[in-house]
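Engineer: Mind having a look at this structure? Questions to follow.
The values are calculated or read from the model by the stated rules, or taken from the named source; none is laboratory data. A quick note: this is a predicted structure, and the numbers were derived from the prediction, not measured. All Cβ positions, glycine included, derive from the backbone under ideal geometry; neighbour counts span all protein chains shown.
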Amino acid sequence: MAVDKTTILVVEDEPSIVELVSFTLKEAGWNVIAAGNAAEAWEFIQRRTPHMVLLDWMLPDQSGLRLLSRIRGDRQFGELPVIMLTAKSMEEDKIAGLDNGADDYITKPFSPRELTSRIKALLRRKAPEHAQSLMAAGVVTLDPVSCSVMLHGQKIDIGHAEYKLLKFFLAHPERVFSRSQLLDKVWGDHVVIEERTVDVHVLRLRKALKEAESLIKTVRSVGYMLSEK
C-alpha cells in the first residue's frame, strides 16, 4: 500500500456499501481501509491516522456520532476531516452531526460521483495546512493547536461547529459572507444542509462569546461578518 497516497477510512458495516464505496474511492486514486465497527475504526485511527474518515451513522457497537465525539475530543485528531454517511435526512440529525464535529454530510443512497466530489471538495479545503498560530479579535483569542477559545484569557465552552465558524471569521475579518458561502467554506458543498442552519450556529456562537458577541455582525439581506468596528 503506497504510503504517500491519500488514505480514507470507511467505517461502515453493510458489505454492499463498503464494496461500492471502496471501488469508487480506489477508482479515484485513493487508498481505502474498511472498518466494520467503531472499536476497529478507533484502533486504526490511533495506530495510523488516515487523511479522511467516511463514518456511518449507525454502527453495530455504538453510534457513529459517539465515535465522532471521541475523535473530536482527542486533541491529536481535532482537524481530521470526517464525512457522515447516513440514511437520516431530518434537519435535527444534520445539526447533530455538525454539532459533533462532522465536516460534511451525505445521505444514502448517494451516487459515486457525488461522493467523490464531496471528498475532493473537503480535501481541497483541508489541504492548505491550518494555521497553527494564535488568532485574535478584541478580547477573543483562538488557539488552533489546542482547539480552544479564550475570552479575556479565560477558556470558554464552545461547540465544534461554532469553533469552526469562529475560526473562519477570524481568518477573514471585515469581510461579509452570505449563508451559502459560509456553508460552502466552513462545512463544504452541502446540498443537504439548510441555509438557516447557519443562523442557528451564529446564534450559538454569539451566546458562547458572551459580552464579545458584537464581534459577529449581521449584514442585512447579505449575511454575516466579523468586525471590531
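Engineer: Test residue 207 against the stated conditions and say whether it is modelled with pLDDT of 95 or more, closer than 24 Å to residue 93 by Cβ and among the charged types (D, E, K, R).
Structural biologist: Judged against the criteria, residue 207 is a match.
Engineer: Which residue is modelled with the lowest pLDDT, if the candidates are limited to the stretch 95-130 and must be among the hydroxyl-bearing types (Ser, Thr, Tyr) and part of a helix (DSSP H, G or I)?
Structural biologist: Only one residue tops the list, namely 117.
Engineer: Filter the stretch 66-82 for residues that are aliphatic (A, V, I, L, M) and touching a Phe, Trp or Tyr at 6+ places or on another chain (Cβ under 7 Å) and give the result.
Structural biologist: Answer for the stretch 66-82, where residues must be aliphatic (A, V, I, L, M) and touching a Phe, Trp or Tyr at 6+ places or on another chain (Cβ under 7 Å): 67, 71.
Engineer: Is it the case that some residue within the stretch 201-221 is loosely packed, with under 14 Cβ neighbours inside 10 Å, assigned to a strand (DSSP E or B) and either touching a residue at least 40 places away in the same chain (Cβ under 8 Å) or not charged (D, E, K, R) (or both)?
Structural biologist: Yes, the stretch 201-221 has at least one match.
Engineer: Step by step: first the residues of the stretch 78-90, then only those that are more than 16 Å from residue 188 (Cα to Cα) and surrounded by 14 or more Cβ atoms within 10 Å (Cβ to Cβ), then the one that is modelled with the lowest pLDDT. Which residue is that?
Structural biologist: Checking each candidate, the answer is 88.
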